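The values are calculated or read from the model by the stated rules, or taken from the named source; none is laboratory data. It should be emphasised that the depicted structure is a prediction, and the values quoted were computed from it without experimental measurement. Glycine gets a Cβ as well: all are built from the backbone with ideal geometry, and neighbour counts include every protein chain shown. For accessibility, only protein heavy atoms count, side chains too; no ligands or nucleic acids. Shrake-Rupley method; radii C 1.70, N 1.55, O 1.52, S 1.80 Å.
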Amino acid sequence: MILVGVEVFGVALAAGWAIAGLFELGDTVSYVLMALFSVLGLWLMWAFWKKAVEVEPVTG
């Protein structure tokens, strides 16, 4: 779960940086895109966590 979460978050940050760089949008737009994609990434990690716990519950 941790590996998938880190990968999703890393891809979200890299996508915002890459899109802003590709279209030469500047630093501010780059940070905004990284923030938006990070929020989307956090939502995807949360959704994946719910499905993973549904299949295999985390109990002590």
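Exactly one of these conditions fails for I2: (1) loosely packed, with under 14 Cβ neighbours inside 10 Å; (2) modelled with pLDDT of 90 or more; (3) under 16 Å from the mean Cα position of the chain (by Cα). Give me its number.
Just one mismatch for I2, condition (2).
Those residues that are surrounded by fewer than 16 Cβ atoms within 10 Å (Cβ to Cβ) and small (G, A, S), I need them from region 31-53; list them, please.
A35, A47, A52 - these are the residues of region 31-53 that are surrounded by fewer than 16 Cβ atoms within 10 Å (Cβ to Cβ) and small (G, A, S).
With respect to A15, is the statement that it is assigned to a helix (DSSP H, G or I), out of contact with any Gly (no Cβ under 8 Å at 6 or more places or on another chain) and open to solvent by less than 90 Å² (accessible area, probe 1.4 Å) true?
yes
Can you list residue pairs whose Cβ atoms sit under 6 Å apart, with the first residue in region 5-18 being without any contact (Cβ under 8 Å) to a residue 24 or more places away in the chain and the second being open to solvent by 50 Å² or more (accessible area, probe 1.4 Å) and assigned to a helix (DSSP H, G or I)? Count only pairs 6 or more apart in sequence or on different chains.
Hits for this filter: A15/F37; G16/F37.
Is there any pair with a first residue in region 39-60 that is hydrophobic (A, V, I, L, M, F, W, C) and a second that is assigned to a helix (DSSP H, G or I) whose Cβ atoms are under 6 Å apart and which are 6 or more apart or on different chains, and what are they?
These pairs meet every condition: L44/V8; M45/G5; M45/V8.
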